[in-house]
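Read the structure below first, then the notes.
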Amino acid sequence: MRRRTLLISLPLAMGGPAMGLAAGTDTEDRPEQPKGYPVSLAQMQQALAQRFPRRYPVQGLLDLDLQTPRLHLLPEQNRLRAEMAVAAAGPALNRVHQGSFDVDFALRYEPSDRTLRAHQLRLARLTFPTLPARATEMINLYAPTLADQSLREVVVHELTAQDLRAVDAMGMQPGAITVTKTGLVVGLVLKPL
């Protein structure tokens, strides 16, 4: 009973971004919106921009340069899709070839550093329209590893200590992550006793 009272009254007392989360105070405007801590698509894009571009060598023959992914929300699958421009260049190629690389993924919460991270990656597509077929085959053999190295466990958002202070005071912690039409909602669950 005490936790329930805190859950209702704390968001009103706090007033900050940390606690529109527990009570879901604005759900009257958006009844389909789950309750929890909201994370916008813009916040995730900003977090990714700090971690890209990235370069990956392929067996000493070429380098793949991945640009900052553009995220798309897939609420019906509870996943995100990342579309990246990629350039292939190196000794095995006579020039730079531009392509695209698409991966979709789920999210998990990492309590050690309060981050939301990509996991359960699925390669959707890797294309290079101007590459010869043999080079494309070689790159496609490497594509699952590239997907794993480029986005597995990449941080898409970090919760601050302030965000979690009130949640912790209520005896709760981040739980399931739901992808919505506008971003993410990190659900809250009771901490184990």
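The values are calculated or read from the model by the stated rules, or taken from the named source; none is laboratory data. Treat the numbers as computed from the prediction; the structure is a model and nothing was measured. Neighbour counts are summed over all protein chains in view; Cβ atoms, including those assigned to glycine, are modelled from backbone coordinates with ideal geometry.
Quick rundown of the values:
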quantity: From the options 152, 114, residue that is of a type in the set (Lys, Arg), at pLDDT 85 or above and over 19 Å from residue 83 (Cβ atoms); calculated: 114
quantity: Strands (runs of 3 or more DSSP E) (entirely within the stretch 75-135) containing at least 1 residues that are under 21 Å from residue 53 (Cα atoms), among the aromatic types (Phe, Trp, Tyr) and out of contact with any Cys (no Cβ under 8 Å at 6 or more places or on another chain); calculated: 97-110
quantity: Meets criteria (under 17 Å from residue 41 (Cβ atoms) and either of a type outside the set (Lys, Arg) or surrounded by fewer than 20 Cβ atoms within 10 Å (Cβ to Cβ) (or both)) for residue 63; calculated: no
quantity: In the stretch 84-98, residue surrounded by the most Cβ atoms within 10 Å (Cβ to Cβ) [restricted to those that are touching a residue at least 40 places away in the same chain (Cβ under 8 Å) and out of contact with any Asp or Glu (no Cβ under 9 Å at 6 or more places or on another chain)]; calculated: 93
quantity: Members of the stretch 30-60 that are surrounded by 15 or more Cβ atoms within 10 Å (Cβ to Cβ), aliphatic (A, V, I, L, M) and out of contact with any Phe, Trp or Tyr (no Cβ under 7 Å at 6 or more places or on another chain); calculated: 39, 41, 44, 47, 48
quantity: Qualifying residue in the stretch 139-147 (condition: within 13 Å of the chain's Cα centre (by Cα), among the polar types (S, T, N, Q) and part of a helix (DSSP H, G or I)); calculated: no
quantity: The stretch 46-70, residues that are of a type outside the set (Asp, Glu), more than 12 Å from residue 142 (Cα to Cα) and in a strand (DSSP E or B); calculated: 54, 55, 66, 70
